[in-house]
Amino acid sequence: MDKINPYTRRPWIITALSLRFNDALTYREIAEQLNISTSATHKMFKRFRRTGINWPLPEEYSPERLEEELYAFNLETNLPVKKRRPDWPLEFKIRMAELSLQPGACVAQLARENGVNDNLVFNWRNLHRQGLLDPANRTTLIPVTMEPLSSPPRHNGAISADLPPVISCKLTLPGGSLNLTGPLTPELLRALVSELRDGEA
């Protein structure tokens with residue numbers, strides 16, 4: 001894998017095609033020169049013939065597109081291979097976002113050179129601007145359990161509209177559990193917010 005595009009798994013494909021069609025090397029000679037297995041070389045050329053792509057390659061074929069088309073099907077069954085969504089490392093997302101923010105940067109070209117969809121780069125750039133790619137700013141979810149409450153108190157058979165609503169809240173935090181039950185008052189809300197903040201630390 002190269003540092004510019006670490007997601008190209010077979011960067012040798014175009015070189016191998018050139019050695020075969022321009023220099024007339026055998027599969028074994030190509031494999032030895034590129035330090036890959038003869039089997040991998042043979043299978044790549046078998047895929048190349050099956051796709052019907054011509055050499056020299058059409059201008060629109062980038063290394064990423066060529067590899068994608070050559071390995072989009074199972075060689076034994078000819079059935080399409082189910083695409084797996086790449087799990088891009090956070091460092092790669094940040095680097096792409098920072099490069100896209102450079103003066104004169106072209107997002108489409110940057111995405112094409114690195115084998116990603118340009119919409120992803122736009123999304124990463126927006127997240128980076130908002131500070132959401134910074135691990136320190138990424139929020140975590142706190143489990144909350146909702147439980148039914150008993151009926152509010154009645155006075156002379158009617159519910160009093162003057163009483164504040166009653167809440168019951170159970171928080172499971174790293175240091176233990178906290179139960180808060182009572183009228184919805186500013187003091188109770190302050191205690192709840194305080195515990196939530198401490199739980200994120």
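Read the figures in this text as sums done on the coordinates, not as results from a lab. Bear in mind the structure is a predicted one, so any value in this text is a computation, not a measurement. Cβ placement follows ideal geometry from the backbone for every residue including glycine, while neighbour counts extend to all protein chains displayed.
Restriction of the trypsin sites (Lys or Arg not before Pro) in the stretch 53-134 to DSSP coil positions whose beta-carbon has at most 16 other beta-carbons within 10 angstrom yields Lys82, Lys83, Arg84.
I need the GluC sites (Glu not before Pro) found in the stretch 11-62, filtered to DSSP loop residues with at most 11 other beta carbons within 10 Å of theirs. Don't jump to the answer; show the numbers that get you there.
Values: sites: Glu29, Glu32, Glu59, Glu60; in loops: Glu59, Glu60.
Sites meeting the loop and neighbour criteria: Glu59, Glu60.
Taking amide H atoms as placed 1.01 Å from N in the peptide plane, the amide H of Phe73 lies under 5 Å from those of Val81, each 5 or more residues away in sequence or on another chain.
From the square roots a ≥ b ≥ c of the eigenvalues of the alpha-carbon gyration tensor of the stretch 1-84, which class results: rounded (a/c under 1.5), prolate (a/b over b/c), or oblate? Verdict is rounded for the stretch 1-84.
The stretch 90-137: percent of C-alpha pairs farther apart than 15 Å?
Above the 15 Å cut-off, the stretch 90-137 has 35 percent of its Cα pairs.
Among Asp118, Asp134, the ranking by other beta carbons within 10 Å of each residue's beta carbon, starting with the fewest, stands as Asp134, Asp118.
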